[in-house]
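A short worksheet on the structure shown next.
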Amino acid sequence: MPPVHTGAPVIPGASIASSPHPAAAPAPRAPGRPGYRRMSLALFAAGLATFALLYSTQALLPAISDGFGVTAGQASWTVSAATGALALFVLPLSALSERFGRTRMMTVSMVVAVGVGLLVPFAPGLEWLVALRAVQGAAIAGIPASAMAYLAEEVEAKALVGAIGLFVAGNSIGGMSGRLVTGWAAQAWGWRGGLAAVGAMALLCAVAFLVLLPRARFFRPAGAAPRAVASAVAGHLRDPLLLRLYGIGALFMTVFGAVYTVIGYRLVEEPFSLGQGVVGSIFLIYLVGTVSSAAAGQLVARAGRRGALYLAVTTTALGLLLSLSDRLPAILLGLVLITAGFFAGHAVASAAVSRTAKTARAQASALYQSAYYLGSSAGGTLGALAYHGAGWAATVGIALLAVLGVVSITLYGSRAARAERRHTALAAAR
């Protein structure tokens, strides 16, 4: 059985079999070092394109419902099919990245996803639109886990949370700008025009990514044999901390998927009756997520990982409760808090996965991404069905149950950590 690639950065000065001058080994990238800014900008562009494409139909769901004469639950499959396919394909594509390289996997995935994005506006019916979106989600699957593994290998450990925070910040701006562009373009040219506009934007991001991304310096190819991958996955699934982090990612994304899949329907209806362009502009709130995810590293340094998660989940819950108001300013403030809490929690959890996994980091990140996007699919579908059946309060109820799940997992983790410390102290005393 081929060895499983550890994904750990090469330590400067350590022996490298392929190099006759071990002392000349390059240092991991960090702020102020060569290539760090280009790497950050390239992955920022990748994150922007990923989220813009992945959720390109979300702000357009009311218009798609009208265009095809379908319900909110049926239209929501244009989002859930993409996120569900991503969740299914992220693990096998991450395994291929262990063999063929992170940069190659991200490049191929980006090209295919953008190419499909340029075809999506021409879908003749809902079934074709859902199918194309599923293909697009499967292509996008090669980007997030490979990007996380690339950063874990190339970036200095103490700068990793900040680097991942910048990638997540690209996600938040992509989610915002994609919805903003589709909203206003759809108001002028219909929902097909909106999808065409976001496809063009993603094309520009893909060009920037291909031009800027530095080559990987610490990647070492490893076999992608099914047995080796299965062994790596089984090892991660036996790790209690990783399991908790996967659950937290899934539940946070359940909240986010439910809220942002349904909010457009609520705001175009009475008593708000907002236009499609204005509803798209609501997603400017994603800028809050850009700030909170980029600041996650400082938050963890001050409050610790669990403290940061408690703060993120409390902020999210307050936002959900505020969103129950019938006053638009209160709803907007609620969305601000939900967005800030979600992106902070996601950045903390995803960075913790990269630091916790000591071997097969690509598979560890892929499992997190799989759980994360399954949460998005579940949240979007359940939130839309709840709204169609009982209104916004039912959607908030689904989201609050997910928040309660995050709190329960974090509390359990805190108690487990205290018990482990007591056990270690008693063992030392003996």
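The values are calculated or read from the model by the stated rules, or taken from the named source; none is laboratory data. A quick note: this is a predicted structure, and the numbers were derived from the prediction, not measured. Glycine gets a Cβ as well: all are built from the backbone with ideal geometry, and neighbour counts include every protein chain shown. Areas reflect the complete protein model, heavy atoms only, side chains present, ligands, DNA and RNA absent. Shrake-Rupley method; radii C 1.70, N 1.55, O 1.52, S 1.80 Å.
For the reader, a short list of remarks on this structure follows.
- Residue (of 359, 144, 324) at the positive-pole extreme of the chain, dipole from beta-carbon charges: 359
- Coupling constants for segment 263-269 follow from the phi torsions by the Karplus curve (6.51 cos²θ - 1.76 cosθ + 1.60, θ = phi - 60°), and in residue order they are 4, x, 4, 5, 7, 7, 9 Hz; glycine and proline get x.
- Normalised by the number of residues in segment 165-299, the average gap of Cα pairs under 8 Å and 6 or more apart makes the relative contact order 55 percent.
- Local electrostatic count at residue 58 - Lys and Arg +1, Asp and Glu -1, tallied over other residues with Cβ under 14 Å: +3
- The C-alpha atoms of segment 237-291 occupy a region whose extents along the principal axes are 50, 24, 13 Å, arranged from largest to smallest.
- For segment 303-329 and segment 73-105, distance of Cα centres in Å: 29 Å
- Among residues other than residue 408 with Cβ under 12 Å from its Cβ, the summed charge is +2 (Lys and Arg +1, Asp and Glu -1).
- P(r), alpha carbons of the chain - 20 Å bins starting at zero, rounded %: 28, 57, 14, 1
- Amide H contacts under 5 Å for residue 29, placed H, 5+ residues apart: 155, 156
- Estimated [θ] at 222 nm from DSSP helical runs (n ≥ 4, -39500 (n - 2.57)) normalised by residues in the chain, nearest 500: -26500 deg cm²/dmol
- Angle between the chain longest axis and helix 296-322 axis [Cα atoms, degrees, rounded to 10]: 20 degrees
- Contact order, relative form, for the chain: 26 percent (alpha carbon pairs under 8 Å, 6 or more residues apart, mean separation divided by residue count).
- Here the 3J(HN,Hα) profile of segment 360-373, calculated from phi with Karplus coefficients 6.51, -1.76 and 1.60 at θ = phi - 60°, is 6, 4, 4, 5, 4, 5, 5, 5, 5, 4, 4, 5, 4, 7 Hz, Gly and Pro shown as x.
- Choice from 92, 226, 121 with maximal GNM fluctuation in the chain (Cα, 10 Å cutoff): 226
- Mean projected area of the convex hull spanned by the Cα atoms of segment 158-304, taken over all viewing directions: 12.7 nm².
- On Cα atoms only, tilt of 160-212 relative to the major axis of the chain in degrees: 20 degrees
- Heavy-atom accessible surface of segment 106-246: percent carbon and sulfur, 1.4 Å: 73 percent
- The simple spin-label model puts a point 7 Å past each Cα toward its Cβ; for residue 70 and residue 33 those points are separated by 4.8 nm.
- The C-alpha atoms of the chain define a longest principal axis, and helix 126-140 lies at about 20 degrees to it.
- Around the amide H of residue 143, modelled in the peptide plane, lies no amide H under 5 Å away from a residue 5 or more places distant or on another chain.
- Segment 219-314: trypsin sites (Lys or Arg not before Pro) in DSSP loop, at most 16 other beta carbons within 10 Å: 238
- Count Lys and Arg as plus one, Asp and Glu as minus one, and take only other residues whose Cβ is under 9 Å from that of residue 218; the net charge is then 0.
- When the Cα gyration tensor is reduced to axis lengths a ≥ b ≥ c, the ratio a/c is 1.5 or higher for segment 266-342, and with a/b not above b/c it is classed as oblate.
- Centre-to-centre separation between the Cα atoms of segment 179-235 and those of segment 352-369: 19 Å.
- Here the Kirkwood formula, the inverse mean of 1/r across different C-alpha pairs, assigns segment 161-207 a hydrodynamic radius of 11.3 Å.
- Residues in the chain average 39 Å² of solvent-accessible surface per residue, probe 1.4 Å, ligands and nucleic acids excluded.
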